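Only one structure is covered here, and it is reproduced in the block below.
The values are calculated or read from the model by the stated rules, or taken from the named source; none is laboratory data. From a predicted model like this one, the values you see are computed outputs, not experimental measurements. When we count neighbours, we look across all protein chains shown, and the Cβ atoms used for this are built from the backbone with ideal geometry, even at glycine. Calculation scope for accessible area: heavy atoms of the full protein, side chains included, ligands and nucleic acids excluded. Shrake-Rupley method; radii C 1.70, N 1.55, O 1.52, S 1.80 Å.
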Amino acid sequence: MLCIPSGFVYNTTMEEIKTNERIDDLMWGGLKIIQNPDLFCFGTDSVLLAGFVRTGRGDTIADLGTGSGILAILLGGKNPDSRVYAVEIQAALADMAQRSAALNGLANVTIIRGDLKNAHRLFPRCGIVVSNPPYDKVGSGKTSMNESLRIARQEACATFLDIARAAARLLGDGGCFYFIHRAERFSELIGTLHSVRLTPKTARFIHSKAGEKAKYVLLCAHKNAGEGMEILPPLIVLDDEGNYTKEVKKIYGTEAGHG
């Protein structure tokens, strides 16, 4: 798959829903998202990452590899005074993300089709960068995937080093890079972050159930920061009966007190 180097902003007018698309309720503040099950659809990991990100009034946020726009929409919707820029290499996903932003009336969210490796040429300097990157190296993981899923799940167009380097270029000193990844790649992730002057400062491991090994890890790294990392208590996704735990329900917005 040829990675597209150029970028352009999609029309902000709302278009009709296209064949095979659906509108899903994000269960927070009336936010909705357009998805196509034939392409990559967001999962729990994106929602958990959005809940991990700490933002302030007026932040400028970049989302590298936005897919159908889930992180950009959640962060832009929850932070109306922020400015969110998101890049996606797949034309169909970038188009859906832009129409989702328009559907929600998020004038503070800009979707650009392009290669995240060029984000420093497409976006202004940001205080926060987020990414839910492809978890698998090329040739690993499932092989029976269509091209859209392969790009989203494997490092076909961007490795983690590419994403970390793009984040470092966008951030000023002290800026924060938030992402989620497979826990089994933790050691590699730490080394890669250090190689581009991003210091891991906060980590939280995600477990499907209590007592099981960690499956994913949430990480926040700061640009040109001193050493020292805080390991937060584990995040347990499911209780013994297979239902979302109270904390995960709060992150999703389905538990009283979220907000």
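Annotations
- Where strands (runs of 3 or more DSSP E) sit wholly within segment 1-99, those with at least 3 residues that are within 21 Å of Leu122 (Cβ to Cβ) and modelled with pLDDT of 95 or more occupy 60-64, 83-88.
- Residue in segment 181-200 that is small (Gly, Ala, Ser) and either in a strand (DSSP E or B) or within 17 Å of the chain's Cα centre (by Cα) (or both) present: yes
- On the stretch given as segment 204-259, residues that are of a type in the set (A, V, I, L, M, F, W, C), modelled with pLDDT under 95, part of a loop (DSSP other than H, G, I, E, B) and under 30 Å from Cys126 (Cα atoms) total 0.
- Scanning segment 76-87 for residues that are open to solvent by less than 30 Å² (accessible area, probe 1.4 Å) and under 17 Å from Ala158 (Cβ atoms) turns up at least one hit.
- Hey, Asn104 under 23 Å from Ala166 (Cβ atoms) and either free of Cβ contacts under 8 Å to residues at least 60 places away in the same chain or open to solvent by 10 Å² or more (accessible area, probe 1.4 Å) (or both) or not: no
- Residues of segment 191-210 satisfying the condition of being of a type in the set (Lys, Arg) and surrounded by fewer than 19 Cβ atoms within 10 Å (Cβ to Cβ): Arg197, Lys201, Lys209
- Of the listed requirements (1) open to solvent by 10 Å² or more (accessible area, probe 1.4 Å); (2) small (Gly, Ala, Ser); (3) more than 30 Å from Lys215 (Cβ to Cβ), Gly114 misses just one: (1).
- Residue count for segment 145-181 satisfying the condition of being surrounded by fewer than 17 Cβ atoms within 10 Å (Cβ to Cβ), touching a residue at least 40 places away in the same chain (Cβ under 8 Å) and closer than 22 Å to Ala203 by Cβ: 2.
- Pick from segment 38-65, criterion polar (S, T, N, Q) and open to solvent by 10 Å² or more (accessible area, probe 1.4 Å), ranking: farthest from Ser148 (Cα to Cα): Thr55
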